[in-house]
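Since every read-out is calculated from the coordinates, none of them should be taken as a lab result. Since this is a predicted model, take the numbers as computed values, not measurements. Using ideal geometry, Cβ is built from the backbone for each residue, glycine included, and neighbour counts are taken over all protein chains shown.
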Amino acid sequence: MAGRYTGAMSARQSSLPLIWLLSDARNDAGLERALTALPPGSGFVFRHYHLPPAERAERFGALARIAKQGGHTVVLAGAVHLAREWGADGVYGKPAEIAAGDGLIHLATAHDAEEMTAAAGMGADGVFLSPVFPTASHPGAPTLGIHGFNVLAQTTSIPVIALGGMTAERAAELNWPRWGAIDGLVPPQSA
């Protein structure tokens, strides 16, 4: 029953994008290309934890403009007040770091059943569950695999977004409608 949820979703939850690009220091050089290559109506999570605050705000603004031109949902990894100030559609982080009910989209991160429960308990609109497959972000770390992902994903009524080593091919293998990637959505630079 991959791709089905155990309970009724809110309108905001059911309208969450299916494909998500997450920013990172290592994919920064290709983000403009990646954002323009995404299918219209995809999602973009701006993380860029490596930048000092002023540079981070500037980079967010530049990428958010491109994302919005493509009709993408833009989510900021950070505090709700920053998301509002910077014009993001939502916030992203660990369940304990974000709180729902302020009109923004809230996307949580989870790696196990406890974090999945916490995400649902805090009213998240969606949860990134990872790592499904081996990933460059955490080389050698244990992965959920297809079976482990499906077992955990079926424990919640909120939309689950597969993350960790994801590409279009792996999303098809997983047979899950919502997925995100850091490297798997950045087109290679032309020679």
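Numbers for the structure displayed
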{"item": "Relative frequency of Cα-Cα separations exceeding 29 Å in the chain, percent", "result": "16 percent"}
{"item": "Amide hydrogen neighbours beyond the local backbone of ILE105, cut-off 5 Å, H modeled", "result": "GLY90, VAL91"}
{"item": "Karplus 3J(HN,Hα) series, Hz, for the stretch 148-155 with 6.51 cos²θ - 1.76 cosθ + 1.60 (x for Gly, Pro)", "result": "x, 4, 4, 4, 5, 5, 7, 8"}
{"item": "Residues in the stretch 151-191 reached by a label modelled at GLU32 [backbone nitrogen below 14 Å; 7 Å Cα→Cβ]", "result": "189-190"}
{"item": "Debye, to nearest 20: dipole size of the chain, +1 on Lys, Arg Cβ, -1 on Asp, Glu Cβ", "result": "300 debye"}
{"item": "Footprinting exposure proxy for ARG33, ARG47 (fewest neighbouring C-beta atoms within 10 Å first)", "result": "ARG33, ARG47"}
{"item": "Net charge over other residues, Cβ less than 14 angstrom from the Cβ of THR167 (K, R count +1; D, E count -1)", "result": "-2"}
{"item": "Local electrostatic count at HIS50 - Lys and Arg +1, Asp and Glu -1, tallied over other residues with Cβ under 15 Å", "result": "0"}
